[in-house]
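**Student:** Okay, handing you the structure first.
The values are calculated or read from the model by the stated rules, or taken from the named source; none is laboratory data. Predicted model only: the values in this text are computed from it and were never measured. So basically every Cβ, Gly included, is an ideal-geometry build from the backbone, and we count neighbours across all protein chains shown.
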Amino acid sequence: MKSLLWKDYRINRLLLIFGFVVCVGPWVIGIARNLLLEWRGGEAWWAPEFWVTIYGISLTLSLFTFAMLGGNAVAAERADRSAEFLAYLPVSRGAVLASKSIIALGPTLLIWTVNLAALFIVAPAITHVSAADIVAKSDGRESLGLFAGLTVLLLGSGWFWSTVLNSHGLATGMSFFTLAAVGMGFIGLEFGCGLENFLENWFVTTSLLVGISGYVGGCAYYLRRLEP
């Protein structure tokens, strides 16, 4: 298992570095700016809106990381033909899927942990405003649900397309196509069929279902597929 994890890490190491930068970068820039303003004697902006804004930027940029983590899962190995070699090794496909799942889901959970810790632990300690008030004052509760749905949809659909396609770039692109298709479908139903608030009420739930279905379907397809 360790060798599989190390192999998947090496395949995804540049992506993991990219994910770390786009997750932490907005926090570093935003907090450093405020500290610089305070050092110069200016007025820093530590309001609840600041923390929700930075967390929103961080997670928005991280959506690309989530899609690429899913898209790279299997297709990246097919691109360099190592999937064929792996198919002949004495390891079960379940172990291979477990390794790939850890590499994809682990960084995803870490990115969310960083942002939630900043929003619910660091922000209240600095602003002396409770986490609940920070979220309530900045309409953060709705954005939390939206980002969760987008995360699962992009990661899960990217994972599915990665098991089906041979190009990890195309698999990543198809995850965003899936997001666009779901969004356009909801817009069509809401405005074409007159379903009021349909997008607002059901988009997150549908995104979660599509993402989870993509992950499960991708795993099932990979277990049955014969590598060329």
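**Student:** Looking only at residues in region 48-88 that are modelled with pLDDT of 80 or more and either in a loop (DSSP other than H, G, I, E, B) or at positive phi (or both), which one is surrounded by the most Cβ atoms within 10 Å (Cβ to Cβ)?
**Tutor:** By that ranking, first place goes to Ala73.
**Student:** Which one is modelled with the highest pLDDT, of the residues in region 89-130 that are under 22 Å from the mean Cα position of the chain (by Cα), exposed (fewer than 13 other Cβ atoms within 10 Å of the Cβ) and aliphatic (A, V, I, L, M)?
**Tutor:** Leu109
**Student:** Please determine, by comparing only the residues of region 177-212 that are exposed (fewer than 15 other Cβ atoms within 10 Å of the Cβ) and among the polar types (S, T, N, Q), which one is modelled with the highest pLDDT.
**Tutor:** Thr205
**Student:** Pairs, please: C-beta under 7 Å, at least 6 apart or cross-chain, first residue under 14 Å from Phe66 (Cβ atoms) and in region 97-115, second among the small types (Gly, Ala, Ser)?
**Tutor:** Ala104/Gly70; Ala104/Ala73; Pro107/Gly19; Ile111/Gly19; Ile111/Ser62; Asn115/Ser58
**Student:** Just the residues that are closer than 17 Å to Thr108 by Cβ and among the hydrophobic types (A, V, I, L, M, F, W, C), please, taken from region 15-54.
**Tutor:** Leu15, Leu16, Ile17, Phe18, Phe20, Val21, Val22, Cys23, Val24, listed by residue number.
**Student:** Can you name every residue in region 151-171 that is surrounded by fewer than 24 Cβ atoms within 10 Å (Cβ to Cβ) and assigned to a helix (DSSP H, G or I)?
**Tutor:** Thr151, Val152, Val164, Gly169, Leu170, listed by residue number.
**Student:** Could you list all residues from region 6-27 that are over 20 Å from the mean Cα position of the chain (by Cα) and either touching a residue at least 24 places away in the same chain (Cβ under 8 Å) or over 17 Å from Ala95 (Cα atoms) (or both)?
**Tutor:** Scanning region 6-27 gives a single hit, Lys7.
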